[in-house]
Amino acid sequence: MITLNVNGKNRALDVPADMPLLWTLRDVLGMTGTKFGCGMGLCGACTIHIDGQPARSCLTPASAAVAKKITTIEAIGATPAGKKIQAAWLASDVPQCGYCQSGQIMSACALLAANAKPSDSDIDAAMSGNICRCGTYPRIRAAIHQAAGSATEAAK
Ligand code: FES
Ligand code: FES
């Protein structure tokens, strides 16, 4: 039995210590906003926050998050950065199929929380681990600028 703090609530869970957080969240807690893409840390679909830092839940064992704060897409809108990012995502109509988007939003929120006015290159660096098969990258970048209240820089 381990206890995890998920979105501000302590949850006592009877899971193996090495179960990836992705499956702990989705299969045990029924929180399906966090997506399974590659299962290998390569696509970013499964991104959550652990103590405010973006983490790949497919590679993170549940035991590694004991005594830390886990935040998922289900609760990110309650944070200042999350509120701004989600509003900008809606205003810019960012998603296409939507599959990658919860991971994209989690990475974008971590960026904005750490860097209130990111440059294009800051955005590209922070978002480089999140893959979108639909190619929504230009709208993602524009939405992050919108959330930050900064202008999109000239195309490079
Ligand atoms: S499912 Fe975790 S990085 Fe792809
Ligand atoms: S919106 Fe379809 S994978 Fe990104």
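Listed values, structure above:
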read-out: In Hz, Karplus ³J(HN,Hα) per residue of the stretch 123-135 (6.51, -1.76, 1.60; θ = phi - 60°; x = Gly, Pro); value: 5, 4, 5, 5, 9, 5, x, 10, 9, 10, 6, 8, x
read-out: Options Ala62, Ser102, Pro16, ranked by Cα towards positive dipole end of the chain, top entry (Cβ charges); value: Ser102
read-out: Per-residue ³J(HN,Hα) for the stretch 20-33, Karplus 6.51 cos²θ - 1.76 cosθ + 1.60, θ = phi - 60°, Hz, x for Gly and Pro; value: x, 4, 3, 7, 4, 5, 6, 8, 8, 9, x, 9, 9, x
read-out: Lysine pairs with alpha-carbon atoms under 30 Å apart, the stretch 2-156, spacing 8 or more or separate chains; value: 21
read-out: Paramagnetic reach from Asp14 in the stretch 60-94 [backbone N under 15 Å; point 7 Å along Cα→Cβ]; value: none
read-out: Point-charge dipole on Cβ atoms (K/R +1, D/E -1) for the chain, about Cα centre, debye to 20; value: 180
read-out: Once the Cα gyration tensor of the stretch 1-134 is diagonalised, semi-axes √(5λ) in Å; value: 25, 16, 13
read-out: Peptides 137-143, 34-40 ordered by average Cβ neighbours within 10 Å, highest first; value: 137-143, 34-40
read-out: Difference of contour (0.36 nm per residue) and Cα-Cα distance, Val28 to Ala64; value: 11.3 nm
read-out: Value of relative contact order over the chain, rounded to a whole percent, pairs C-alpha under 8 Å and six or more apart; value: 23
read-out: Net lengthening on full extension, Ala142/Gln96 (0.36 nm per residue, minus Cα-Cα); value: 15.1 nm
read-out: Rounded accessible area per residue of the chain, 1.4 Å, Å²; value: 49
read-out: Under 5 Å, built H, 5+ apart or other chain: amide partners of Thr60; value: Leu21, Leu22
read-out: Placed amide H near Lys69: partners under 5 Å, 5+ positions off or other chain; value: Asp51
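The values are calculated or read from the model by the stated rules, or taken from the named source; none is laboratory data. Keep in mind that what you see is a predicted model, and the values were worked out from it rather than measured. Positions of Cβ are backbone-derived with ideal geometry, glycine not excepted, and every protein chain shown enters the neighbour counts. Just the protein is used for accessible areas: all its heavy atoms, side chains included, with ligands, DNA and RNA removed. Shrake-Rupley method; radii C 1.70, N 1.55, O 1.52, S 1.80 Å.
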